[in-house]
Amino acid sequence: MSPTVARAIGDRLHAAGVRYVFGHPGGEVIELIEGFRQAGLEFVLTKHETAAGFMAETTASSLGGIGVCLGTLGPGATNLVTGVAHAYLDRGAVLAFSGQLPADRYEITTHQRLDLRALFAPITKWQAHVTATNAAAVTERALRVASAPRRGPVYLEVASDVPAQETVDVALPRFVTESVAAIDDDEVRTAGARLRAAERPLLLVGMDASTDAAAGPLRRLAETWGIPVMVSPKAKGVFREDHPLFVGTIEGLGTPFLYDYIDTCDLVLMIGFDPVEFDRDWSAKARIIHVGPLPNDDRYYGSEVEIVGPIDTTLERLLAAGSPRATPALDELRAFGDAFRERVAPSTGRLTAQQVLTALRASLPEDALVSCDVGYNKAVAAQCWRAYRPRSFFVSNGLSSMGYGLPAAIALKLSHTDRRVACILGDGGFAMAMAELETAVRLRAGITVVVLVDDALSQIKAGQERRSYPATGIAGRSAAHRRGAHRPKRVPAALEVLHGRDDVPGDDLERLDLPDVFDAADDPGDAALPERAELVDDPSDVLTLIADVHMEHGRLLDRVVVTFLSLAVRLQDVQLAWQIGRGEEIADVGVLRDEAKGLLLAGSADHDPRPRTAQDLWTVQRTLEREALSRERTLIVTPHPVTELERVLEPVEALRQRWEGDPKRAGLRLVPRRAYAEHGAPAR
């Protein structure tokens with residue numbers, strides 16, 4: 001019996017290394033999903049098809065293979081468009097499937113009828129209609145087209161009556177990703193001569209060079225010839241950013257200063273640089289050597305020499321082209337680097353996004369995978385996040401689509417379960433994709449999510465300010481709300497909220513406990529971190545830190561730490577049992593999940609001595625008694641000086657009788673704020 005169309009497609013995808021299909025189903029693609037399942041592919045349900053496109057591209061780019069996304073006809077297909085357009089401009093080898101009306105109904109039906117191949121034509125390398133007779137051949141061609149330089153998406157339209165039909169099981173040749181072009185020896189010799197004659201050369205490295213194979217030859221070329229290195233955001237990590245020859249990331253924060261440096265160079269080697277990575281016109285006068293898998297046909301920049309072929313092999317050939325004429329001016333480069341870092345990470349006296357990134361970097365291993373979103377967070381992350389490995393930093397750069405960062409991080413964790421994964425978002429991009437937090441929890445994908453909140457679309461606000469326009473359409477909250485005047489008694493997110501103050505100094509990272517929060521996502525099995533382990537219900541919990549920071553056009557606002565339990569993200573089930581004082585700063589008690597395994601969080605203010613009312617005490621008493629009598633695990637209490645803890649527990653008979661100043665005797669685990677441990681509790 002011949003396989004069905006769906007099974008034949010799935011088998012060829014599996015043979016090409018595909019393991020996940022991301023999407024949101026509709027009735028017209030049920031048979032297609034079943035065929036994929038039978039072929040050993042896991043269907044990953046996303047909350048929105050755009051996220052499915054982002055996740056497919058991230059999977060393809062991180063593994064160097066193929067990503068697959070799927071939507072139904074009509075709105076399912078139109079929702080895929082942004083994700084597919086991202087894959088198109090960020091050079092991701094993605095196969096995008098969607099349903100379509102059966103052929104015998106297409107001409108007479110109007111409901112959900114769209115010309116989908118025409119819709120996807122501007123944002124894909126190829127579009128095809130799959131039938132029972134062409135399914136195997138079309139899938140094979142789609143894989144080849146998507147993988148050939150420049151890599152990009154292919155759209156396949158599958159009518160709803162086709163997947164269940166039998167297809168011809170034809171033998172096809174083994175899937176080959178790309179051909180290898182022969183390197184022109186004359187071009188290599190010419191490039192070597194240009195390099196020997198240059199007084200101030202520069203290596204400008206782009207996305208096509210961001211591979212493990214190219215990283216070694218690139219480093220040896222830079223060190224042997226003493227050439228400074230700049231990278232694009234998509235190439236971060238291919239050259240270690242703590243290396244003395246590393247200059248910076250163009251198209252990140254402070255790019256004008258990097259272009260000033262480029263203007264002092266007399267030769268630029270464009271190594272795997274795709275013109276889509278430039279966000280401005282190239283105006284430098286330096287001679288250019290183009291090195292890449294394709295000729296410089298775009299002519300975005302003029303090149304005197306072009307070496308077309310595998311980048312790693314080309315770099316090795318350049319290494320053998322001769323000896324360097326002079327040693328690099330490391331003192332000058334170091335002086336420029338120091339001045340540049342001071343410009344992009346100035347000391348402001350308040351918490352900055354740069355400090356948050358520094359704390360996150362310190363808490364993660366070198367091989368951690370990080371995605372970021374688009375906006376001010378992209379500019380600061382591209383420049384200030386230090387990357388040490390190729391394909392360890394992921395961003396939507398060609399399309400620059402907000403909402404990318406969170407889905408990308410989930411996809412990274414699925415494909416790299418053995419590596420730590422984090423994402424850096426702005427509050428705008430987080431709002432666009434926050435529903436995918438449920439996807440992460442359902443998939444048991446333990447990721448760290450950092451949201452830089454300034455309650456504004458910062459880059460738009462800055463543009464309006466430069467034109468002396470009033471801020472319009474960019475603010476997330478009113479000034480009154482930021483001051484706490486409209487703070488609700490029951491926080492909508494129903495989580496522990498520590499309301500920030502404008503007087504919190506930016507240098508007091510111990511006070512903010514950022515590294516502790518980031519490290520809380522570690523495996524609870526780590527015996528060296530028992531306190532952190534108790535804060536996470538299991539390894540798949542998704543820990544989100546919303547770090548409000550004083551950005552270029554914002555101010556320090558709130559600090560919110562959110563722990564999502566692994567069963568579900570059901571914020572409505574979380575209850576704050578007690579709110580009192582300005583911003584609930586005396587003692588917030590949150591009971592997460594009604595089961596006895598629920599985690600009790602207790603917070604204590606360090607500055608507000610106002611007495612509690614009888615009603616407040618009664619609420620706390622009932623909450624703690626219920627939790628104490630029914631729990632199956634230790635209560636977590638944080639942060640408290642012992643004297644303050646005693647006052648909180650005093651009316652709770654079930655705990656008071658066992659207290660006697662001994663937390664373990666009362667079944668409690670104390671996790672004091674690090675600032676208390678190091679500096680003592682504040683005077684009251």
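The values are calculated or read from the model by the stated rules, or taken from the named source; none is laboratory data. As the structure is a computational prediction, the values presented were derived from the model and not from experiment. Note: ideal-geometry Cβ built from the backbone for every residue, glycine included; neighbour counts use all protein chains shown. Just so you know, the surface numbers come from the protein's heavy atoms only, side chains and all, with ligands and any DNA or RNA stripped out. Shrake-Rupley method; radii C 1.70, N 1.55, O 1.52, S 1.80 Å.
Does the stretch 186-233 classify as rounded, prolate or oblate by the C-alpha gyration tensor (a ≥ b ≥ c root eigenvalues; a/c under 1.5 gives rounded; else a/b over b/c gives prolate, otherwise oblate)? Since a/c reaches 1.5 and a/b is larger than b/c, the shape of the stretch 186-233 is classed as prolate. Whole-Hz Karplus values for the stretch 28-44 come out as 6, 10, 4, 5, 5, 5, 5, x, 4, 4, 4, 7, x, 9, 8, 8, 9 Hz, taken residue by residue from phi with 6.51 cos²θ - 1.76 cosθ + 1.60 and θ = phi - 60°; glycine and proline positions read x. Each of residue 183 and residue 131 was given a label point 7 Å from its Cα along the Cα-to-Cβ line. The distance between the two points is 4.6 nm.
For the pair the stretch 275-328 / the stretch 184-240, the C-alpha centres are spaced 8 Å from each other.
Here the extension length gained between residue 38 and residue 150 equals 37.2 nm, from 0.36 nm per residue of separation less the Cα-Cα distance. Amide H to amide H distances under 5 Å link residue 448 with 421, 422, 423, where only residues 5 or more positions off or on other chains count and H is placed in the peptide plane. Each peptide in 423-430, 21-28 receives the mean, over its residues, of other Cβ atoms within 10 Å, and ordering these scores from highest gives 423-430, 21-28. Highest-first packing order for the peptide set 396-403, 252-259 is 396-403, 252-259, based on the mean count of other beta carbon atoms within 10 Å. The amide H of residue 97, built 1.01 Å from its N in the peptide plane, has 69, 70, 71, 156 as neighbours under 5 Å, considering only residues 5 or more places off or on other chains.
Note on the stretch 408-459: Cα convex hull, mean projected area over all directions, 3.7 nm².
Over what distance in Å are the Cα centres of the stretch 125-162 and the stretch 25-93 separated? Here the answer is 13 Å between Cα centres. Applied to the stretch 57-72, the Karplus parametrisation 6.51 cos²θ - 1.76 cosθ + 1.60 on θ = phi - 60° returns per-residue 3J(HN,Hα) values of 5, 5, 4, 4, 6, 6, 9, x, x, 10, x, 10, 10, 8, x, 7 Hz, with x for Gly and Pro. Across the accessible surface of the stretch 345-484, with the other protein chains kept in place and a 1.4 Å probe, carbon and sulfur atoms take up 51 percent. Expressed in nm², what is the orientationally averaged projection area of the convex hull enclosing the Cα positions of the stretch 264-408? Reported value for the Cα convex hull: 11.5 nm². When a/c is below 1.5 the answer is rounded, else prolate if a/b is larger than b/c, else oblate, so apply that to the stretch 95-148 with a ≥ b ≥ c taken from the square roots of the Cα gyration tensor eigenvalues. Taking the square roots of the gyration eigenvalues as a ≥ b ≥ c, the stretch 95-148 is oblate. Here the accessible area is traced with a 1.4 Å probe on the protein chains. For the stretch 175-251, carbon and sulfur cover 47 percent of it.
So if I place +1 on the C-beta of Lys and Arg and -1 on the C-beta of Asp and Glu, and nothing else carries charge, what would the dipole magnitude of the stretch 108-169 be about its Cα centre? I want it in debye, nearest 20. For this selection, approximately 460 debye. Accessible surface of the stretch 1-92, 1.4 Å probe: 52 percent of it comes from carbon and sulfur atoms.
A Cβ-based charge dipole, computed about the Cα centre of the stretch 9-129 with Lys and Arg at +1 and Asp and Glu at -1, lands at about 220 debye. Of the cross-linked pairs 236/378; 236/413; 125/413; 125/378, those separated by over 21 Å at the C-alpha level are 125/413; 125/378.
The charge dipole of the stretch 197-256, taken about its Cα centre with unit charges on the Cβ atoms of Lys, Arg (+1), Asp and Glu (-1) only, comes to about 40 debye.
Highest mean packing first, where packing is the average number of other Cβ atoms within 10 Å per residue, the peptides 51-57, 210-216, 265-271 line up as 51-57, 265-271, 210-216. Remark: accessible surface ordering of 236, 413 (largest first) is 413, 236, probe radius 1.4 Å. Of the residues 158, 308, the one with the largest accessible area comes first in the ranking 308, 158, computed with a 1.4 Å probe on protein heavy atoms.
Per residue, the accessible area of the stretch 67-200 comes to 44 Å² when a 1.4 Å probe rolls over the protein heavy atoms.
Is the shape of the stretch 348-414 best called rounded, prolate or oblate, per the rule: a/c under 1.5 gives rounded, else a/b larger than b/c gives prolate, else oblate, with a ≥ b ≥ c the square roots of the Cα gyration tensor eigenvalues? It is oblate, given that a/c is not under 1.5 and a/b is not larger than b/c. For the stretch 204-304, the solvent-accessible area with a 1.4 angstrom probe is 33 square angstrom per residue.
3J(HN,Hα) along the stretch 377-392: 4, 5, 4, 6, 5, 4, 8, 9, 7, 8, 10, 10, 10, x, 6, 10 Hz, from the Karplus curve 6.51 cos²θ - 1.76 cosθ + 1.60 with θ = phi - 60°, whole Hz, x for Gly and Pro. Exposure check, 1.4 Å probe, all protein chains in place: residue 332 carries approximately 90 Å² of accessible surface.
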